[in-house]
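A quick write-up on the structure given underneath.
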Amino acid sequence: MITDSIADMLIRIENAQAVSKKTVDIPFSVIKYKIAKVLEGEGFIDGAVKKGKNPAKVIRVTLKYKEGSPAISKTKRVSKPGRRIYQKSKELKPVKDGYGISILSTPKGIMSNKLARKEGLGGEVLCKVW
């Protein structure tokens, strides 16, 4: 049984890109959909749409490739169910010298570290993508 659905989502995306799939289906949840929309906004995936009806609702993620190689080279789950990691806006550092992003859960919703820093928000660091 998977207890960490966000880690499962990240692994599904990595595995699908490892075998050059165009799309990958992820079981739907609101937080995973918002994370996918942040990835889309930052240019790491081509799109994320909701498909199906309950209970078989999924997020169809259209993967992005640059010259044949995946746009996402690695993902890392930071805050886990057993150990939550929080950072203030001033503690948010660039990921991989600005080539990657952190995705945070802030009081104003799920957003990238770049946007959170600009708005002066801190929060729970969900994952890093580069």
* Give the Rg/Rh ratio for the chain, taking Rg as the radius of gyration of the Cα atoms and Rh as the Kirkwood radius, to two decimals. => 0.96
* Straight-line reach from LYS90: which lysines have a Cα under 30 Å away, not including same-chain ones fewer than 8 places off? -> LYS32, LYS34, LYS37, LYS74, LYS76, LYS80, LYS108, LYS114, LYS118, LYS128
* **Degrees separating the helix 30-41 axis from the principal Cα axis of the chain, which is the longest one** => 80 degrees
* Straight-line reach from LYS53: which aspartates and glutamates have a Cα under 15 Å away, not including same-chain ones fewer than 8 places off? -> ASP25
* To do: Kindly express, to the nearest 10 degrees and within the range 0 to 90, the angle between helix 5-18's C-alpha long axis and the longest C-alpha principal axis of the chain.
  => 60 degrees
* Structure fact -> With +1 on the Cβ of every Lys and Arg and -1 on the Cβ of every Asp and Glu, the dipole magnitude of region 5-129 about its Cα centre, in debye rounded to the nearest 20, is 260 debye
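Read the figures in this text as sums done on the coordinates, not as results from a lab. Keep in mind it's a predicted model, so treat the numbers as computed, not measured. When we count neighbours, we look across all protein chains shown, and the Cβ atoms used for this are built from the backbone with ideal geometry, even at glycine.
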